[in-house]
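A.B. asks: My questions all concern the structure below.
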Amino acid sequence: MQHKLVSELAAITSDFDSTFTHKNLGNLGLCSRLMTPHRLLDLVMRRSLTYPRLRCLVGGSDLREQDYVTPQQLRRGYSVPMPNMGQIGRYLCDGCTLVLDDLGAYDPTMEVACRALQWELGERVQVNAYLTSGESGGFCLHWDDHDVVVIQIGGAKTWEVRPTSRAYPMFRDADANLTAPNEILWTGTLNTGDVMLIPRGHWHQATRADHGDGYSLHLTFGFTRRTGIDWLTWTADQARKAATFRKDLDAGDLATNMAALIDMVPRFISDHTPVKFLQDHCTESMPERHVRTHSLFGQPGLIVCITSRKPRIIQDGPDVVVRAAGKGITIDGSARPALEILLSGHPVDVDAMRTAFGGETIELIDVLLSEEICAEVTPELRTGYTGLVPEITTPQEVDQLAHALAR
């Protein structure tokens, strides 16, 4: 998937290497295309959001949910919690930080950006938005158990970044990681278009102290990289398939049980290598949320691959196997050129595919839609791609992408 933001971030961060980085976007127009303060507040206003998905902090501390969320009475007598935009506006006027978690669940532009990053990294990506006004501070000095890419969308904010105090810290760990080092790795102000990559375990904090009036809006794309612990956990889950591992550790015959386990473990590990884990991790995730109309409103004009990780196309004799969304689908190998385009991550015009590859392509599209590997592109979803991911809408563009993918 050729996504403008992902291409720029990959160049800035040396393909997302886990090293602290501070640089600038080459295309500042991407900032307003991704998000604006007004769009963020509009998203908040139109949804039933509660803590912890919506948080409001004053002086670095969380306010009570009832301070900014109010039950809205509906005609039939029940109520729905809705953000109190009047109260939120007053907090913003006085100085606060508004945090919206998992923005990709509500906004198509953020959804597509997260999907493109997931394809690039092979990891799950979540984006959060932070809108800070006045001289309010955010979270106190802390570290995250995942890498984050910070993009300053508007305004300015001052950051302090320190090194790790424990190598490769985890959310669930053997030892606590409570004391920040005294060394300061970087301190400075992020302005519109500035980007930081803060690796896991690096201590950091952000504030608008001494900035006076105004605001800051930044997005953080967080991704947790897989570790040896994840591989061992996956291997243990695979072991549930074997009766030897499911059998009781009977104290009366413990020696026999232990001998069987000790004999089986090396062979089991060799059959479930880290390489196999990495492959399965990228293809075993469930289908993404999407609209399914089953052509109730007419045949889809555009379709796009919506898997959370990039699909794998594996040659299997005369056939190919598509591994994606937790499925393995066998397809005639002659369909591979069309399949490569349909699974490219670009919105693709159905008529252009029919013209380029023939009528049988419609059957292939139907299979991909029914298996929830692809989805029809609704007008709302289309806004997430516009200007960021090229659409393939003509037979000529189909041919160009086919040649590009073949290289």
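Computed from the coordinates by the stated procedures, all read-outs in this text should not be read as laboratory data. Keep in mind the model is a prediction, meaning the values are calculated, not measured. Here the Cβ positions follow ideal geometry from the backbone for every residue, glycine too, while neighbour counts run over all protein chains shown.
A.B. asks: Please arrange TYR51, TYR68 by counting, for each residue, the other beta carbons lying within 10 Å of its beta carbon, fewest first.
C.D. replies: TYR51, TYR68
A.B. asks: Going by how many other Cβ atoms sit within 10 Å of their own, how do LYS247, LYS157, LYS4 line up, fewest first?
C.D. replies: Numbers: LYS247 11, LYS157 24, LYS4 19.
Result, fewest neighbours first: LYS247, LYS4, LYS157.
A.B. asks: Still on this structure, please answer the following. What ranking do ASP351, ASP144, ASP213 get, fewest neighbouring Cβ atoms within 10 angstrom at the top?
C.D. replies: Fewest to most other Cβ atoms nearby, the residues stand as ASP213, ASP351, ASP144.
A.B. asks: Return the whole-Å distance between the Cα centroid of the stretch 239-289 and the Cα centroid of the stretch 138-167.
C.D. replies: With the stretch 239-289 and the stretch 138-167 each reduced to a Cα centre, they are spaced 38 Å.
A.B. asks: Gaussian network model of the chain, Cα springs within a sub-10 Å range: biggest mean-square fluctuation belongs to which of PRO337, PRO311, PRO266?
C.D. replies: PRO266
A.B. asks: Which of these values of P(r) over Cα pairs in 20 Å bins from 0, in percent was calculated from the structure shown: (1) 22, 38, 24, 13, 3, 1; (2) 26, 59, 15, 0; (3) 22, 49, 27, 2?
C.D. replies: Computed from the coordinates, P(r) over Cα pairs in 20 Å bins from 0, in percent corresponds to (3).
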